[in-house]
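Values in this text are rule-based calculations from the coordinates and carry no lab data. As the structure is a computational prediction, the values presented were derived from the model and not from experiment. Positions of Cβ are backbone-derived with ideal geometry, glycine not excepted, and every protein chain shown enters the neighbour counts.
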Amino acid sequence: MYDTEHPAYYKLAEIGREITHKVKPRAVVVFSAHWQGGRDTIHVNTAEMTDLIYDFYGFPDHYYKEKFPNVGSKEVSQKVLDSLTQAGIKAKGVERGLDHGVWASFKCAFEPESNPLAVPIVQVSLFDTEDPIQHYRLGQAVSQLRDENILIIVSGMAVHNLRDLRSTFSDPRPLPYAVSFDDALKEAVTTPPAEREKAMAALLKRPDARQAHPSFEHLLPIHVGAGAAGMDLGERLWTLPEGSMSWAQFRFGGLGVASGAGSSL
């Protein structure tokens with residue numbers, strides 16, 4: 001967010017401009033790695049005015065003073081709740097702020113001064129499980145929102161191992177699992193839609209999966225995005241394995257279709 005020379009910052013800003021100038025959604029529904037609901041229940045933010053959640057610890061004081069102007073939408077949140085209920089998924093509305101899985105990456109993509117996202121943002125939780133099929137079904141349940149020009153964004157990371165991060169500070173060369181899992185994720189996301197669910201689920205069973213993701217909450221958002229994509233193809237827009245992380249970013253469907261999935265911190 002502060003390293004504006006980092007390639008990931010540039011690519012997020014590029015995607016943000018595509019969204020505001022080409023996709024032009026009427027609202028955004030976003031799933032973040034940093035919000036888990038219940039094991040069988042999804043939580044949907046129904047607040048129209050939302051504060052930011054500073055869900056991280058030990059950072060300099062100015063991190064906790066960041067702002068990102070945003071509004072929610074009771075209409076859109078109700079559409080999400082209805083879609084989930086119709087799909088047989090338990091869901092409840094709650095009032096909650098936006099966590100840093102949303103606002104930190106959105107600040108890179110949608111700078112208020114130069115490229116504001118002037119549409120409602122409704123955040124939706126993941127399940128509190130590591131079940132890839134359950135999350136794929138979650139994406140399928142909200143897929144119909146795309147027909148109403150509501151953009152679906154998912155926020156996690158392609159590779160996310162904080163345990164090894166400290167050891168890579170002085171050497172940004174990617175660890176072997178950061179490359180191998182990043183490649184496998186691309187292969188799964190770009191699998192033809194008829195076989196994509198199976199390929200996405202298989203990612204969690206790879207021998208390098210627990211190295212790339214000691215816990216899977218940063219991976220599962222892309223399963224939601226893949227499920228929401230329906231029969232649209234997945235495309236990797238860009239990637240950068242770096243140390244124990246990878247910043248890969250993906251899109252499902254063309255720029256004229258309101259469905260996207262970005263993997264970002």
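Annotations
- Ranking of R163, R236 by neighbouring Cβ atoms within 10 Å, starting from the fewest: R163, R236.
- The count of lysine pairs in the stretch 7-252 that are at least 8 places apart or cross chains, and whose C-alpha atoms lie under 22 Å apart, stands at 17.
- Candidates P25, P60, P174: whichever shows maximal mean-square fluctuation once the chain is modelled as a Gaussian network with Cα springs under 10 Å: P60
- Global geometry of the chain, whether rounded, prolate or oblate, following the gyration tensor of its Cα atoms and the 1.5 cut on a/c: rounded
- Relative contact order of the stretch 106-265: 35 percent, from C-alpha pairs under 8 Å at least 6 residues apart in sequence.
- Formal net charge of residues neighbouring V159 (Cβ-Cβ distance under 14 Å; K, R +1; D, E -1): 0
- For the options D208, D171, D128, a Gaussian network treatment of the chain with springs between C-alpha atoms closer than 10 Å singles out D171 as fluctuating the most.
- DSSP-defined beta bridges in the chain - what % are antiparallel, rounded to 5: 35
- Magnitude of the charge dipole, the chain, Cβ model with Lys/Arg +1 and Asp/Glu -1, debye to 20: 360
- Listed by Cβ neighbour count within 10 Å, with the fewest neighbours leading, T239, T20, T85 appear as T85, T20, T239.
- Among the DSSP helices (H) of the chain, those spanning at least 15 angstrom by Cα along their long axis with an average Kyte-Doolittle hydropathy of -0.5 or more are 132-142, 176-189; this is a geometric and hydropathy rule only.
- As a proxy for reagent exposure, V28, V224 were ordered by neighbouring Cβ count within 10 angstrom, fewest first; the result is V28, V224.
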